[in-house]
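Chemist: What follows is a structure written as C-alpha cells; I'll ask about it next.
The values are calculated or read from the model by the stated rules, or taken from the named source; none is laboratory data. What you are looking at is a predicted structure, and each value in this text was computed from that prediction instead of being measured. Using ideal geometry, Cβ is built from the backbone for each residue, glycine included, and neighbour counts are taken over all protein chains shown. Calculation scope for accessible area: heavy atoms of the full protein, side chains included, ligands and nucleic acids excluded. Shrake-Rupley method; radii C 1.70, N 1.55, O 1.52, S 1.80 Å.
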Amino acid sequence: MSGRRERFERDGFLVLEDFVDPEACVQLGARADELVTAEMRGRDRPSVFTTHEQDRRSDEYFLASGDRISAFVEADAVDEQGRLVVPPERAVNKLGHALHDLDPVFAAFSRTAALADLAQDLGVGEHVLWQSMFIFKHPQIGGEVGFHDDHTFLWTDPMSVVGFWFAIDDADLGNGALQAVAGGHRRQPTRRFRRVSDDPGDGTTFDVFDVAAATTLGEDEELVAIEVPRGSLVVLHGGLPHLSGPNRSQRSRRAYTLHAIDPRAHYPADNWLQRGSLPARGFG
Ligand code: FE2
C-alpha cells in the first residue's frame, strides 16, 4: 500500500500540497467569476414572493441543480422580496453542481492524469465524478459550513463518496480553512439528507439514525485545522466529519470541490442530487 493510501485510510483525509499549478487556480477563479456574471444576469430584478413561495422556489432551484451550473446566494444577500441587496459578485457564495461536465475550463481542471493516478492509488479509480462546487467564501461575509460528513448528502449503499477539495486561495483558520476529526471516518452514520417526495417543492429533510449523536453533532470534538496554500488538494473520505468556519478576514477563501462515487453502489432515487440524463464519467 502506498504512503498516500495509508495516511488516507488512517486519518480519513489526505493533504497534498502543490498538487495543482497555482496559475490554474487563478484561471479557474476567473472562469468562476464569468459564470457568476452569466448566471446572475437578470436575476437582480425585483420579484415578489411570499416567504413560503420563496423557500419553495429556492428548494426547486437547488434540487434542479444536479445537472446544471447554478449560482447560490448568501441568505442575507436578498431582502424579504427576494431582491439582491449586494452586488451579484458579492452575493453568490457557491456555483454547482455539474461544472465539471458542462464547462470546458472546469472540465479540464477536473480530469487530469495526476488526479486519475491519485484516485487509482487510493482505490477509487473506478469512481465517477458526480458533483462539483465552486465555493467563494468572500472576505468578511463568507459563511460557515457546519459540522457534517459528505456521505450524509451523497448517500450510496455501501458508502462510497470521496471528496477532492482544491485550495484556490491560501486557506487558514482566519479565512475559514477546513477542520476535521482525524480518524472520524470510522464512525457509524448518524443521519441522511434526502428529498421529502417526488415533488421538489416539498423540499428536503434529514433521516436521523442516532438521535443522541445527531443532536450533539460537532460538540466537544477535537478538530485538526487543515491550513494549506493555494494549489493544494485535500482528499476527504465520505465518512469524515468536517466543517469550515466563517471568513472574518479581508482575504477570500475560494475552493473547488469534486465528489466522486462508486457507480456500482446503490444510489437512492430520493437523494437530493439527481443528474437527470447527464451521464457521469470517471477521472479519465
Ligand atoms: Fe463537506
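Chemist: Checking G201 against (1) open to solvent by 20 Å² or more (accessible area, probe 1.4 Å); (2) modelled with pLDDT under 95: exactly one of these is not met. Which one?
Modeler: (1)
Chemist: Looking only at the stretch 222-255, which residues are part of a loop (DSSP other than H, G, I, E, B) and in contact with a Leu (Cβ under 9 Å, 6 or more places away or on another chain)?
Modeler: Passing the criteria: L223, E227, S232, G238, P241, G245, R254.
Chemist: Further, regarding this structure: Quick check on my filter: what residues within the stretch 241-279 are charged (D, E, K, R) and away from the ligand (no atom under 16 Å from the Cβ)?
Modeler: R248, R251, D262, R264, D270, R275
Chemist: Let me ask something additional. Working only within the stretch 165-191, note down all residues that are assigned to a loop (DSSP other than H, G, I, E, B) and out of contact with any strand residue (DSSP E or B) (no Cβ under 9 Å at 6 or more places or on another chain).
Modeler: Across the stretch 165-191, the qualifying residues are G183, R187, Q188, P189.
Chemist: Taking the conditions exactly as written (more than 16 Å from the ligand (Cβ to nearest atom) and exposed (fewer than 15 other Cβ atoms within 10 Å of the Cβ)), does E227 satisfy them or not?
Modeler: The answer is no for E227.
Chemist: Looking for whichever is over 25 Å from D270 (Cβ atoms), surrounded by 23 or more Cβ atoms within 10 Å (Cβ to Cβ) and within 12 Å of the ligand (Cβ to nearest atom) here; the options are A180, A171, A167. Which one fits?
Modeler: A180
Chemist: Is the stretch 129-144 home to any residue that is without any contact (Cβ under 8 Å) to a residue 60 or more places away in the chain and within 14 Å of the ligand (Cβ to nearest atom)?
Modeler: no
Chemist: In the stretch 148-164, which residue that is near the ligand (Cβ under 10 Å from one of its atoms) and in a strand (DSSP E or B) is surrounded by the fewest Cβ atoms within 10 Å (Cβ to Cβ)?
Modeler: H148
Chemist: Moving on. Test G82 against the criterion of being surrounded by fewer than 21 Cβ atoms within 10 Å (Cβ to Cβ), modelled with pLDDT under 95 and within 16 Å of the ligand (Cβ to nearest atom), and give yes or no.
Modeler: In short, no.
Chemist: If you don't mind, another one. Given the options A116, A91, name the one that is over 15 Å from the mean Cα position of the chain (by Cα), away from the ligand (no atom under 16 Å from the Cβ) and crowded, with 21+ Cβ neighbours inside 10 Å.
Modeler: A91
Chemist: Answer yes if at least one residue in the stretch 125-145 is of a type outside the set (A, V, I, L, M) and part of a helix (DSSP H, G or I), and no otherwise.
Modeler: No.
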